[in-house]
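Below: the structure, in structure tokens.
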């Protein structure tokens, strides 16, 4: 695994414009911005707007406004994932040519029902690091002509990674360099275990490339050397390392930081409408006050 530290270091903040930024986003943005400045590197902003159903221009405008108010500056132009769908599609075709993708036709509801029946009978269904049940694997061996005929007929499907085939094509020991720490204190050279995620979705009709695909391609395309993000994405790094290995992409150094807790101790979330940066601004909190709030949670800012 090659180290990017001999090159000029490149950091990025990559929010999704599907809601307002909260204090946890401010932490990631400030850390990336300040580390880039400390190392004489570059700070990039990327819009992860590949999901058209949830991404909205007003949220993108709010992101620019909030980050500028925090005193952060970034290189232009901003990379927007929605403008690079063909780029992701080419990588997916390469993976199909490797034989590591297959169409999965089961809906979430069908998988949920199957899991419920299995567990009601006393069985244990394997789950990923986030607690979601793994996708059944029998479709890996479906007749390909029949599957393609179903797709041509308009049957809903998602392209999934055959984890066993993919894992067989890469080094048996996958690792990444962790400059931060995982949820259990993992640091240094971390062994990646992508098989814990099962056959992850890499593409579906309403989102032509999954987060996993787009993020590794974008990081490589933009020359990102340092990925600084929350611990909630620590385990997903294993999938990213697998895709980087399959596609011949460089591996950044990863730094996973702690999460800003909400009032009840859970992590902050847009979906829960946690207090946004704009709300702090409207209450009269200054950018220095935001940094003080984060420092009060124990985060060390540069």
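Rounded if a/c is under 1.5, else prolate if a/b is larger than b/c, else oblate: which is the range 84-254, with a ≥ b ≥ c the root eigenvalues of its Cα gyration tensor?
Oblate shape, in that a/c is at least 1.5 and b/c is the bigger or equal ratio.
If R₀ is 41 angstrom, what is the calculated FRET efficiency for the pair residue 156 and residue 295, using the beta carbon separation as r and rounding to 0.05?
0.30
Going by a ≥ b ≥ c, the root eigenvalues of the Cα gyration tensor, does the range 1-104 fall in the rounded group (a/c under 1.5), the prolate group (a/b larger than b/c) or the oblate group?
Note, shape of the range 1-104 comes out oblate.
Once you put a point 7 Å from the Cα of residue 266 and another 7 Å from the Cα of residue 206, both along the Cβ direction, what distance in nm separates them?
For residue 266 paired with residue 206, the spin-label model returns 2.2 nm.
First measure r as the distance between the Cβ atoms of residue 144 and residue 78, then evaluate 1/(1 + (r/R0)^6) with R0 = 30 Å and state the FRET efficiency to the nearest 0.05.
0.15
Relative to the longest principal axis of the C-alpha atoms of the chain, give the angle of the C-alpha long axis of helix 237-247, reported between 0 and 90° and rounded to the nearest 10°.
Tilt of helix 237-247: around 60 degrees.
Work out, step by step, the length gained on full extension between residue 282 and residue 85: first 0.36 nm times the residue separation, then minus their alpha carbon distance; give nm to one decimal.
67.2 nm
If packing is taken as the average number of other Cβ atoms within 10 Å across a peptide's residues, how do 71-79, 250-258 rank, most packed first?
Going from most to least packed, we get 250-258, 71-79.
Using the basic label-point model (7 angstrom from Cα toward the beta carbon), what is the residue 93 to residue 132 distance in nanometres?
2.8 nm
Mean separation of Cα pairs under 8 Å and 6+ residues apart, divided by the residue count of the chain: what relative contact order is that in percent?
Relative contact order of the chain: 25 percent.
For the range 44-86, what class follows from the C-alpha gyration tensor (a ≥ b ≥ c being the square roots of its eigenvalues): rounded when a/c is under 1.5, otherwise prolate if a/b is larger than b/c, else oblate?
Cα axes put the range 44-86 in the oblate bin.
Packing-wise, with mean Cβ within 10 Å as the measure, how do 194-205, 174-185 rank, highest first?
Ranking the peptides 194-205, 174-185 by packing returns 194-205, 174-185.
If I take every Cα pair under 8 Å that is 6 or more residues apart in the range 190-295, average their sequence separation and divide by the length, what percent do I get for the relative contact order?
Contact order relative to length: 23 percent.
In whole Å, largest first, what are the principal axis extents of the Cα atoms in the range 63-173?
56, 38, 35
Provide the packing ranking of 235-241, 140-146, i.e. peptides ordered by the mean count of other C-beta atoms within 10 Å per residue, highest first.
So the peptides 235-241, 140-146, ranked by packing, come out 235-241, 140-146.
Just to confirm the number: angle between the C-alpha axis of helix 23-38 and the first principal axis of the chain, 0 to 90 degrees, nearest 10?
Approximately 70 degrees, to the nearest ten.
Using only Cα atoms, tell me the angle between helix 287-296 and the longest principal axis of the chain; keep it within 0 to 90° and round to the nearest 10.
That helix lies at roughly 70 degrees to the long axis.
If each residue of separation counts as 0.36 nm, what is the full-extension length gain between residue 39 and residue 233 once their alpha-carbon separation is subtracted?
Full extension from residue 39 to residue 233 adds 67.4 nm.
So how far, in whole Å, is the C-alpha centre of the range 168-195 from the one of the range 126-148?
If you average the Cα positions of each part, the centres end up 24 Å apart.
Values quoted throughout were computed directly from the atomic coordinates according to the rules given, and no laboratory measurement underlies them. Note that this is a predicted model, so its numbers are computed, not measured. Heads up, the Cβs are rebuilt from the backbone with ideal geometry, glycines too, and the neighbour counts pull from every protein chain shown.
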